[in-house]
1. Out of Leu31, Leu37, Leu60, which single residue is aliphatic (A, V, I, L, M) and closer than 25 Å to Glu4 by Cβ?
Amino acid sequence: MSAELLTALALILMIEGIMPGIFPAAWRKALRSLSELDDRNIRRIGLGSMLAGAILLNFLH
């Protein structure tokens, strides 16, 4: 179980590093745009991402 969690963490770190590693200017612009959103929209984005991940995980198992 711990190996699976560490694998998941490693994949998250790799995926999160793609954008700033390859396109730093676009990443900075995206972060600037996100920082200007109100809390309600940020929550919607976060909850949508979590829901998409849960659905994908459900299909995989």
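1. Of Leu31, Leu37, Leu60, the one residue that is aliphatic (A, V, I, L, M) and closer than 25 Å to Glu4 by Cβ is Leu60.
Residue-by-condition table, conditions (1) of a type in the set (A, V, I, L, M); (2) within 14 Å of the chain's Cα centre (by Cα); (3) loosely packed, with under 10 Cβ neighbours inside 10 Å; (4) assigned to a helix (DSSP H, G or I):
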site	(1), (2), (3), (4)
Glu4	no, no, yes, yes
Thr7	no, no, no, yes
Ala10	yes, yes, no, yes
Glu16	no, yes, no, yes
Gly21	no, no, no, yes
Leu34	yes, yes, no, yes
Leu37	yes, no, no, no
Ile42	yes, yes, no, yes
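Values in this text are rule-based calculations from the coordinates and carry no lab data. Since we're looking at a predicted model, the values are computed, not measured. Cβ coordinates were reconstructed from backbone atoms using ideal geometry, including for glycine residues, and neighbour counts include every protein chain displayed.
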